[in-house]
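Report on the structure given below.
What follows draws every value from the coordinates through simple rules; no lab data is involved. Predicted model only: the values in this text are computed from it and were never measured. Please note: Cβ atoms are built from the backbone with ideal geometry, for glycine as well, and neighbour counts cover all protein chains shown.
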Amino acid sequence: MGGQRLDMSSRDLMSIRHKACIAGAYEHPTRKAPDKTVAQLHAECARGALEDAGLRLKDVDGYFCAGDAPGLGANSMADYLGLRPRHVDSTDTGGSAYLVHVSHAAQAIAMGKCNVALITLAGRPRSEGSSGVAPRLVGAGTPDVPWEAPYAPVTVNMYALAAARHMYEYGTTSEQLAWIKVAAATHAQHNPNAMLREQVTVDDVLASPMISDPLHRLDCCVVSDGGGALLVVRPEIARSLKRPVVNVLGAGEAIKGQLNGQVDLTFSGAAWSGPRAFEEAGVKPSEIQYASIYDSFTITVLMQIEDLGFCEKGKGGRFVADGNLISGVGKLPFNTDGGGLCNNHPANRGGITKVIEAVRQLRGEAHPKVQVPNCSLALAQGTGGLLGSRHGSATLIMERA
Amino acid sequence: MTTMYQDRPLGSAVHDAATEPFFAATASGSLRVKTCVSCRKPHWYPRPLCPYCLGDTEWSDVTGKGEIYSVSVTRRAGPTPYAIAYVRLDEGVTMLSNIVDCDLDSLRIGQRVQVVFKPAEDGTMIPMFAPDPG
């Protein structure tokens, strides 16, 4: 057995390529929901995705959720939603979890474990006063906390450390990072649900208050309430529905931490999850027509773009400058909904909205001002947790059938 | 711009089986790391089992000297600005810390630093770093 090369048919058997489709995608329009519970928001997202797909609640036989779901794993929400799943998965890799869920759902469908997998995310960090400059709440017994909490790591400074090192190593500038926000804001103008719809300039970003050097306020994503849901289904089911068919082609996942004390902030987990996804999908970065790139902060985008191979390591600053991420203008249209920087970052977890906008692009249903013409190959990339210490990375590649 | 270091409340340290020998050493002014008794590699943060091979580990004192790998002055997370940093110790491991007792705006990546100890609310001595006078 060992040493034998896999022939093409065995390779296909061991892959999720063309084994599942995304048939439903729904982004909750709310950005502030003080009068709703998190569970209700999950349910509203589930309803939205089912209506989008043309499926019914009783069709769902797989359920996926992560740490934003109230209760123990999937138990509480499956019961609340009235589901009787025969396959469940509550993998949590922070904001990237929902991309992992799409991959795991495709695997489960390929193995016959379910036919219609529902993924939900929702949260109310805005109503609950969450902030990127407050200590992150983590479970008791988290092993790194005693060694780090006295130094006041908060979300923003754990990304700022990566940005500072990137600038030191590669000469990346604040102006270049600001271009990422400018591109997101250019797109958000056309999204009526976006939290921030005003166009901004590079100078606006640089003039905004310094939160944690070198990240300004406008380098940071929004804090918003809301949620989203996806339906991953068997290809025969997707083809029976009245919606454009979006195939899952490949996926990769990774956890990157402090490397036992050999800390290296020059790359993100996308350097590991990306190549796995491209290999499975059988495509190259240069073929991707649209990319949803997790944008908790501008630096997150820049590093993932390098790590996914859209440009050489260290040249991300030059790559993102001068509108290169703006749809219709640049080479790599990104986050055409406005992304986490301008549109929405529900539950402080932006992974599901990344997949949703990629699905809109592949269906040709993005806003006409930002729609990529004939978009048939798209990528979604998530980084959840903290870029400067521990994060989960997930890469997902999809095509229009 | 000048942002002089000011003390800020550090809260209480977490005392458990993993941290107790470490804080016993910081109380007498020593910084220690863990090294594997099998593969001999040092690691950070300290664990009882080696993250390279799951071998048993032992404490060893380090010089407390190193250089700044990355640094960020956090200005909007409370009333007192502070410099969070990764410090690469001369012994080869990199730890999260704060840089103190200096003008925070003068800090640069690559700068030499030396360990100092600041008291937490419960009196536990927390290792931080200050520019090395040379």
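Structure notes:
- Here the translational diffusion coefficient of region B:73-134 follows from Stokes-Einstein with Rh set to the Kirkwood radius across Cα pairs; for 37 °C and 0.692 mPa s it amounts to 263 µm²/s.
- Taking 0.36 nm per residue of separation and subtracting the current Cα-Cα distance, fully stretching the chain between A:GLU169 and A:ASP204 would add 10.0 nm.
- Under 5 Å between amide hydrogens, built in the peptide plane, is the criterion, and for A:ASP295 it picks out A:GLY340 among residues at least 5 positions away or on other chains.
- Eligible lysines near A:LYS315 by straight Cα distance, threshold 17 Å, same-chain separation 8 or greater: A:LYS331
- Normalised by residue number, the volume inside the convex hull of the Cα atoms of region A:15-123 is 99 Å³ per residue.
- Mean-position separation - Cα centroids, region A:289-331 and region A:220-285, in angstrom: 16
- Burial ranking of peptide ranges B:1-7, A:197-203, B:29-35 (average Cβ count within 10 Å, highest at the top): B:29-35, A:197-203, B:1-7
- Translational diffusion coefficient (Stokes-Einstein; Kirkwood radius from C-alpha pairs) of region A:88-140 at 4 °C, 1.567 mPa s, in µm²/s: 97
- Candidate lysines - alpha carbon under 24 Å from A:LYS32, same-chain residues fewer than 8 apart omitted: A:LYS181, A:LYS354
- Measuring r between the beta carbons of A:GLU287 and A:THR266 and using R0 = 35 Å, the FRET efficiency lands at 0.85.
- Here chain B is assigned +1 on the Cβ of each Lys and Arg and -1 on the Cβ of each Asp and Glu. Its dipole about the Cα centre then comes out at about 380 debye.
- Candidates B:PRO79, B:PRO21, B:PRO119: whichever shows maximal mean-square fluctuation once chain B is modelled as a Gaussian network with Cα springs under 10 Å: B:PRO79
- Förster-model FRET efficiency, 60 Å R0, A:GLU51 and B:ASP90, C-beta, rounded to 0.05: 0.45
- Sorted by Cβ neighbour density within 10 Å, fewest at the top, the residues A:GLU312, A:GLU148, A:GLU287, A:GLU399: A:GLU312, A:GLU287, A:GLU148, A:GLU399
- Counting only Cα atoms, the size of region A:219-262 along its three principal axes is 52, 28, 15 Å, in decreasing order.
- Charge-dipole axis of the protein assembly as shown as Lys and Arg at +1 and Asp and Glu at -1 on Cβ define it, positive-most pick from A:PHE310, B:VAL115, B:PRO42: A:PHE310
- Note on A:40-51: average number of Cβ atoms from other chains within 10 Å of each residue's Cβ is 0.
- Kirkwood-based Rg to Rh ratio, region B:37-101, C-alpha trace: 1.10
- Gain in span if fully extended, B:ALA130 to B:ASP61, counting 0.36 nm per residue against the direct Cα distance: 23.0 nm
- Spin-label model distance (nm) - B:ALA27 vs A:MET14, 7 Å beyond Cα toward Cβ: 5.5
- In this label model, A:ARG197 and A:LYS58 are separated by 4.1 nm, measuring between points 7 Å along each Cα→Cβ vector.
- Sparse-neighbourhood loop sites, trypsin sites (Lys or Arg not before Pro) in region A:231-330 - DSSP loop, at most 12 other Cβ within 10 angstrom: A:LYS242
- Over chain B - Rg/Rh using Cα atoms and the Kirkwood inverse-distance radius: 0.98
- Ordered by the count of other Cβ atoms within 10 Å of each Cβ, fewest first, A:HIS187, B:HIS43 give B:HIS43, A:HIS187.
- Note on B:95-101: average number of Cβ atoms from other chains within 10 Å of each residue's Cβ is 4.
- DSSP beta bridges fully contained in chain A are about 75 percent antiparallel.
- Sites A:MET111 and A:ASP322, calculated FRET efficiency, Cβ-Cβ separation with R0 51 Å, nearest 0.05: 0.65
- For region A:184-273, the square roots a ≥ b ≥ c of the C-alpha gyration tensor eigenvalues yield an a/c of 1.5 or more together with a/b not exceeding b/c, which makes the shape oblate.
- Candidate cross-link partners of A:LYS36 among the aspartates and glutamates, defined by an alpha-carbon separation under 20 Å and a same-chain spacing of 8 or more, comprise A:GLU27, A:GLU44, A:ASP68, A:ASP79, A:GLU128, A:ASP225.
- Cα-projected label distance for B:ASP7 with A:LYS369, points at 7 Å along beta-carbon direction, nm: 5.5
- Legend: mean number of C-beta atoms from other chains within 10 angstrom of residue C-beta atoms, peptide A:153-162, equals 5.
- Coil-residue chymotrypsin sites (Phe, Trp or Tyr not before Pro) of region B:9-78, DSSP, other Cβ within 10 Å capped at 16: B:TYR52
- Two-decimal Rg/Rh across region A:263-401, once Rg and the Kirkwood Rh are taken from alpha-carbon atoms: 0.93
- Rg(Cα) / (2.2 N^0.38 Å) computed for region A:248-312, rounded to two decimals: 1.14
- The protein assembly as shown: radius of gyration and largest Cα-Cα distance (Dmax), Å: 23.5, 74
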